[in-house]
Every structure is written in C-alpha cells, then in structure tokens.
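Inspection log for the structure reproduced underneath, given as structure tokens.
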Amino acid sequence: MKVKFQQSGGFAGLIRGCELDTDDLSADEARTLQSLVEQSNLEGIKGGQTPGARDLMTYEITVETGEGVHHVSFDDMSMPESVEPLLEFLESRAKPQPLT
C-alpha cells in the first residue's frame, strides 16, 4: 500500500507532505498505517472544502492498493473525525515540500 499526503494552506501557506510505502516501512509501522487507513474509512468520505472559509489547512490523501487508488481532500472544518488518527500519523512524518 502506498499513501501520499499533502497539507497546505493556513495563514502562512506552507506545504508539507510525505509519501509512504508499506513495503519500505518497518513491520510495526506498516501494520499501524494499514490499520489507520482502514479505520479512517477514506472510501466512504466525499471530502470537500468549506465554502467561504479562509486560512484553513487543506489536506489531501491518496491511497494506492492492489484494489485501486482512492483520493480525498478536505480542510480543517470539513475533516471527518474518523480521519484524525491517520492525519496525526501522516503529519508526524511530513516534511516541507517545494512549491510547484
């Protein structure tokens, strides 16, 4: 399983992110990531941005498995509660990303 994460926006407009592959992680980290993805129920999330909101952080998560690719995007106000543990895991591994 591969997970791509990007966090952007906020007052400063910084971009942070990471790309994780369970094949490259330790067995414990791979199990944790797999479990957090399953618990977050990303497949059931429509995502979306809060209209008219300013200076919110925006999050994009793309999960690639043998079954396909699922992409979801949301902001601080539209973030489903089920995603919070996965988001914390990904944020702890995120690093500054170059502006594109």
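The values are calculated or read from the model by the stated rules, or taken from the named source; none is laboratory data. What you see is a predicted model, and the numbers here were worked out from it, not measured in a lab. In this analysis, Cβ positions are derived from the backbone assuming ideal geometry, glycine residues included, and neighbour counts consider all displayed protein chains.
Is there a residue in the range 8-29 that is within 19 Å of Met77 (Cβ to Cβ), of a type in the set (S, T, N, Q) and at pLDDT below 80? Checking the range 8-29: not a single residue is within 19 Å of Met77 (Cβ to Cβ), of a type in the set (S, T, N, Q) and at pLDDT below 80.
Checking every residue in the range 78-86 against the condition of being free of Cβ contacts under 8 Å to residues at least 40 places away in the same chain, surrounded by 14 or more Cβ atoms within 10 Å (Cβ to Cβ) and touching a Pro at 6+ places or on another chain (Cβ under 8 Å) gives zero matches. Among the candidates Ser35, Ser26, which residue alone is without any contact (Cβ under 8 Å) to a residue 40 or more places away in the chain, more than 19 Å from Lys4 (Cβ to Cβ) and among the hydroxyl-bearing types (Ser, Thr, Tyr)? Ser26 is the lone residue from the list that is without any contact (Cβ under 8 Å) to a residue 40 or more places away in the chain, more than 19 Å from Lys4 (Cβ to Cβ) and among the hydroxyl-bearing types (Ser, Thr, Tyr). Consider the range 64-77 and keep the residues that are hydrophobic (A, V, I, L, M, F, W, C) and in contact with a strand residue (DSSP E or B) (Cβ under 9 Å, 6 or more places away or on another chain). The one that is surrounded by the most Cβ atoms within 10 Å (Cβ to Cβ) is Phe74. Just one of (1) within 19 Å of Ser8 (Cβ to Cβ); (2) surrounded by fewer than 14 Cβ atoms within 10 Å (Cβ to Cβ); (3) over 11 Å from the mean Cα position of the chain (by Cα) fails for Lys46. It is (1).
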